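The values are calculated or read from the model by the stated rules, or taken from the named source; none is laboratory data. Predicted model only: the values in this text are computed from it and were never measured. Please note: Cβ atoms are built from the backbone with ideal geometry, for glycine as well, and neighbour counts cover all protein chains shown. SASA here: full protein model, heavy atoms, side chains in, ligands and nucleic acids out. Shrake-Rupley method; radii C 1.70, N 1.55, O 1.52, S 1.80 Å.
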Amino acid sequence: MGRSPATKDDAQALFHSLRSAYSATPTNLKIIDLYVVFAVFTALIQVVYMAIVGSFPFNSFLSGVLSCVGTAVLAVCLRIQVNKENKEFKDLPPERAFADFVLCNLVLHLVIMNFLG
Amino acid sequence: MKISPAEDSQAMARKVGIIAVLLAVASICEAVAIFHPISESHRSAALELFSPVAGSFSSLEEAYEALRTFEVLGIEKKPDVKDHTCNSVVDTLSLMSSNSRDLYHALRVNGLLKCEISNEALTGIVSRLKDAVKDATSLLDYYHSIGGLLLIKDQSSEVDVLLENADGTLRSIKALSQSDGRWRYSSSNPESSTRAAGLAFETISGVISLAASAIDETLIGTLKKDIMKLFDSIEKYDDGSYYFDDKHIDASGHQGPLSATSAVVRGLTAFASTSESLNIPEDKILGLARFFLGIGVPGNSKDLYYQIDTLSHLENNRVSVPLVLSLPATVLSLTSKDKLKVKVSTVLGSSAPPLSVKLMQVFSSGSKDASVLNKDLHFDPKEAIYSLDDLPEGVDIGEYVFAFEIVLSDPEYKRKFATGGRTKVPVHVTGVVKVDNAKAAVLEGDVVESEKKLDLPGKNDLALSANHLQKLRLSFMLTTPFGKPFKPHQALLKLRHETGVEHIFVVENSGRHFEITLDFLGLVEKFFYLSGQYNIDLTVGDAVMENSFLEPLGSVELDLPKAPEKATQPPPQAANPYLRYGPKAEIAHIFRAPEKRPPQEVSFAFLGLVLVPFLAFLVGLLRLGVNFKNFPTSAIPATFAILFHGGIAAVLILYVLFWLKLDLFTTLKTLGLIGIFLMFVGHRTLSHLASTSAKLKSA
């Protein structure tokens, strides 16, 4: 029938539209997105390592993974607050959001370092 | 220390009897005990306990205790000890800083050693002591100073020691007394003790004998009443000893009934020597003597001194002199026809005045009544022993209590000596028990299948055999030398299997006849179904049986049925009984196995792999076109921006150090400092950035 090529073309068209829409985002948001992707990949690699060698110092594994996940979450929060299209945070200066991001990260990493062992 | 009498030969049975006397003491009615006067064992103990270190004693008080004990016991003093101690005495007496206590002890030692002290020196000491009496505040001050003056009076007749204000001194000492008869040591200390009372009596007697003029008679009368009141608090043991005890520890640290009773006896005898008519009942005096004799030979020098010194005071006191009745041997054998021997002496072992000893009653064990015999004992002047040629009729083997009475020949002596009425003494009478008509039989139902006669006590070698349907019966008869039935303390039959498993049975009796029947049908399970040869042992023993025995009788071959599945196993017999207490198998501690770690290459590979996303992040940033355009260019904001980034870097470095070696507290402290700095700097930087972007927006 030609269904598969149609779906294939649809998928490709979807992909292209997403890509073009994404390129319209401001650069600072793209930087934050890149940071999130980096954190998640680091977490994944750590999980793969644990899967291979076993979870012996479990606290170390947890602290490593949670550091990545935590910083990713904080970056997402930062992105929400900094995004100009977000009406809720219109009055919040981005520098203030960035300061919160830095502070929260420092606290998170203190705990992580303590738990690392 | 009690040895099982079953395993003894004839000679040992008598020793066992002597040990068993101590057990008999507790079991028979009260006031039954034996008290021995001072003997050679006390002398050898004194020599051992009072040995001076390097030729001299550590203090004059100890020197006095040693020398006094030696003097009472009649032990010779060594001449070099005398020289050393005399030097110490002379030094103490001439020293101006010696207080009345040191002078008192030095004078006491001088009284025994008779060192060379000049009369002038003595006069000087007398004046010091008289001043001490005037300034005395506590009981011990009075005791030492009065005691010192009294000693000087005995040692030299030329020196004048008489006290002028004897009445006043007496009253001040009396002021420390209490209503219950005890005394306080000083007016500031409310604690009273019996020992203080004894010291007070001694001091007051000293004052009376040192008085220049006659003492008020009423004072002496109240003092006699005080002594009687103190005797209300006397305590008693079951064996007839009386003693005084101090409930609290007094100031000088001496504690216990020995020091308290000793002080009271010293005070009592000192007071009695100054005036007559002190009415202490003679059983109390005898009880006090028994208390000191009852402790045997003490283990330390202080106790030995108290014992010997007090007994010497009791020996020659003016109230009443106690007389001690003792038996050199309390175990009499009927076989060797032992005579009953009794010794009467003073507490230190010297001879008593002429008297006669009567055996009044003989109680057999447990019974409270006995007929009055009133038999006189015959006196042997050579050995100073009273003896009875034949034991009273009907005294068979067993445990008895003999009641004696001492009758003084001269009625004048009745007031002077304390004899104690009826003295009860435990006595063991031993003898040979006849064992006859002994036989062992194997029974089938009630019919005797085989019977053998036994020779008891003697060698036997039975060789019986039985199966589980039969019975084994052993019987014999026991009779005393007088033909009466006898029940021994132990009559046991033991069967021992060849593997070592033992079974013990008690042989019951009815009168003279002893019999035991082992019904193997009922015993099969008890014997653990073990068939084979069993050795038979018979034990018959008692303290008063001179021929107690443990004899192997032979063996019996038992045929028991086979053990069923669920039968209990016999207890394992140790090959060597001492192995039971030997070392057990060693336990090796198993440590927790360490976790398996991955090989290092894998870990390093993943380390590199983890860094890859970071590199990708940096590359991505470059591709996005990051720039530092917004970085403030003017000087002050620039410094703040640099400091801001520097602060964050410092925190991260701190975290790395925290992971590597720091502890949480230092980290938190440093973090706090950096954090404050960072807040300040960050606030400046970010607000500058914010204002810049706001300006741009509005522009």
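Taken over the stretch B:480-506, the residue count meeting the criterion of being at pLDDT 90 or above, open to solvent by less than 40 Å² (accessible area, probe 1.4 Å) and over 17 Å from B:M545 (Cα atoms) is 4.
For the condition in contact with a helix residue (DSSP H, G or I) (Cβ under 8 Å, 6 or more places away or on another chain), open to solvent by 10 Å² or more (accessible area, probe 1.4 Å), assigned to a helix (DSSP H, G or I) and farther than 26 Å from B:G124 by Cβ, B:T169 does not qualify. With respect to (1) over 24 Å from B:N467 (Cα atoms); (2) assigned by TED's automatic domain parsing to the domain that holds B:G522, the lone exception for B:F606 is condition (2).
Each residue in the stretch A:101-114 was checked for being surrounded by fewer than 18 Cβ atoms within 10 Å (Cβ to Cβ), more than 10 Å from every other protein chain (Cβ to nearest Cβ) and touching a Leu at 6+ places or on another chain (Cβ under 8 Å), and 2 of them qualify. Note on the stretch B:495-514: residues that are under 16 Å from B:K439 (Cα atoms) and either among the hydrophobic types (A, V, I, L, M, F, W, C) or in contact (Cβ under 8 Å) with a residue 40 or more places away in the chain (or both) total 2. Taken over the stretch A:42-60, the criterion of being farther than 13 Å from B:F606 by Cβ and open to solvent by 70 Å² or more (accessible area, probe 1.4 Å) is satisfied by A:F56, A:F58. Which pairs do you get when a residue that is within 10 Å of chain B (Cβ to nearest Cβ) and part of a helix (DSSP H, G or I), found in the stretch A:19-32, comes within reach of a residue that is open to solvent by 60 Å² or more (accessible area, probe 1.4 Å) and not acidic (D, E), reach meaning Cβ atoms under 7 angstrom, with the pair 6+ apart or on two chains? Hits for this filter: A:I31/B:V626.
Would you list the strands (runs of 3 or more DSSP E) that sit entirely within the stretch B:349-463 and hold 3 or more residues that are open to solvent by 40 Å² or more (accessible area, probe 1.4 Å)? Spell out the reasoning first.
Values: elements: B:355-364, B:372-376, B:378-380, B:385-388, B:398-408, B:422-430, B:434-444, B:447-453.
In the stretch B:349-463, the matching strands (runs of 3 or more DSSP E) lie at B:372-376, B:378-380, B:398-408, B:434-444, B:447-453.
In the set (1) farther than 28 Å from B:K661 by Cα; (2) exposed (fewer than 14 other Cβ atoms within 10 Å of the Cβ), the condition left unmet by A:R79 is number (2). Criterion applied to A:A13, A:A24 was being over 19 Å from B:V619 (Cα atoms) and at pLDDT 90 or above, and the one residue passing it is A:A13.
Each row is one residue, and each column tells you yes or no for (1) farther than 22 Å from B:S259 by Cα; (2) surrounded by fewer than 23 Cβ atoms within 10 Å (Cβ to Cβ).
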| site | (1), (2) |
| --- | --- |
| B:A132 | yes, yes |
| B:D135 | yes, yes |
| B:Y142 | no, no |
| B:L162 | yes, yes |
| B:A175 | yes, yes |
| B:Q178 | no, yes |
| B:W183 | no, no |
| B:R195 | no, no |
| B:L210 | yes, yes |
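Inside the stretch A:67-97, residues that are more than 14 Å from A:Y35 (Cα to Cα), within 11 Å of chain B (Cβ to nearest Cβ) and in a helix (DSSP H, G or I) make up a count of 4.
Identification of helices (runs of 4 or more DSSP H) wholly contained in the stretch B:1-92 with 3 or more residues that are modelled with pLDDT of 65 or more and open to solvent by less than 40 Å² (accessible area, probe 1.4 Å) yields B:40-49, B:60-73.
When each of B:L657, B:L664, B:L673, B:L668 is tested for being farther than 21 Å from A:E95 by Cβ, within 60 Å of the chain's Cα centre (by Cα) and aliphatic (A, V, I, L, M), the lone residue that passes is B:L664. It is to be established whether one or more residues within the stretch B:441-453 are farther than 30 Å from B:V321 by Cα, within 44 Å of the chain's Cα centre (by Cα) and of a type in the set (V, I, T). There is no residue in the stretch B:441-453 that is farther than 30 Å from B:V321 by Cα, within 44 Å of the chain's Cα centre (by Cα) and of a type in the set (V, I, T). Considering only residues in the stretch B:642-679 that are within 12 Å of chain A (Cβ to nearest Cβ) and within 18 Å of A:R96 (Cα to Cα), the one that is most open to solvent (accessible area, probe 1.4 Å) turns out to be B:M679.
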